[in-house]
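Mind having a look at this structure? Questions to follow.
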Amino acid sequence: MLVNLLENIYQLSGAALLICAIYYYFHFKKIKKERKLTPAELTFYIITQIAGILWAISNLLLILDKNY
């Protein structure tokens, strides 16, 4: 039971991080159209994209592992 609770918390936190990452991705995309991004903003923009891809791949691998 505790393991299920921890897995649910993990999934919720991952979803919250994904939602925040998507928000910041579109926020920086909008700013990028208006002006050039600062080095810190550009770094965060790139890290956000990489983190989203890694999160999606890791969840896909977890789902595939549970099915077999």
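The values are calculated or read from the model by the stated rules, or taken from the named source; none is laboratory data. Note that the coordinates shown come from a computational prediction; the quantities given were computed from them, not determined experimentally. Counting neighbours? That spans all protein chains shown, and the Cβs are built from the backbone with ideal geometry, glycine included.
Return the residue satisfying two criteria in turn: it lies in the range 1-37 and is among the β-branched types (Val, Ile, Thr) and exposed (fewer than 11 other Cβ atoms within 10 Å of the Cβ), and of such residues it is nearest to residue 47 (Cα to Cα).
Here is the first cut: in the range 1-37, the ones among the β-branched types (Val, Ile, Thr) are 3, 9, 19, 22, 31.
Filter again for exposed (fewer than 11 other Cβ atoms within 10 Å of the Cβ), leaving 3, 9, 19.
Numbers: 3: 30, 9: 23, 19: 15 Å.
This residue is 19.
Another question, then. Output the qualifying pairs, or none if there are none: Cβ atoms under 7 angstrom, residues six or more apart or on different chains, first residue in the range 42-68 and at negative phi, second residue surrounded by 14 or more Cβ atoms within 10 Å (Cβ to Cβ) and among the aliphatic types (A, V, I, L, M).
Cβ pairs passing all conditions: 45/37; 48/21; 51/21; 52/18; 52/21; 55/18.
Any idea which of (1) touching a helix residue (DSSP H, G or I) at 6+ places or on another chain (Cβ under 6 Å); (2) outside any helix (DSSP H, G or I) is the one residue 37 doesn't satisfy?
(1)
Of everything in the range 21-63, what is out of contact with any Leu (no Cβ under 7 Å at 6 or more places or on another chain), small (Gly, Ala, Ser) and modelled with pLDDT under 85? Give them in sequence order.
Of the residues in the range 21-63, the ones out of contact with any Leu (no Cβ under 7 Å at 6 or more places or on another chain) are 21-27, 29-30, 32-44, 46-51, 53-54, 56-63.
Keeping just the survivors that are small (Gly, Ala, Ser) gives 21, 40, 51, 56, 58.
If the condition is that a residue be out of contact with any Leu (no Cβ under 7 Å at 6 or more places or on another chain), small (Gly, Ala, Ser) and modelled with pLDDT under 85, then 21, 51, 56, 58 are the ones that fit.
For residue 16, state whether it is touching a Ser or Thr at 6+ places or on another chain (Cβ under 6 Å) and not hydroxyl-bearing (Ser, Thr, Tyr). Reasoning before the result, please.
Values: touching a Ser or Thr at 6+ places or on another chain (Cβ under 6 Å): no; not hydroxyl-bearing (Ser, Thr, Tyr): yes.
The answer is no for residue 16.
Then there's this: Given the criteria among the polar types (S, T, N, Q) and surrounded by fewer than 11 Cβ atoms within 10 Å (Cβ to Cβ), does residue 59 qualify?
On the way: among the polar types (S, T, N, Q): yes; surrounded by fewer than 11 Cβ atoms within 10 Å (Cβ to Cβ): no.
So residue 59 does not fit the description; no.
Going by the conditions given, is residue 66 of a type in the set (D, E, K, R), in a helix (DSSP H, G or I) and surrounded by 11 or more Cβ atoms within 10 Å (Cβ to Cβ)? Can you show your working first?
Values: of a type in the set (D, E, K, R): yes; in a helix (DSSP H, G or I): yes; surrounded by 11 or more Cβ atoms within 10 Å (Cβ to Cβ): no.
In short, no.
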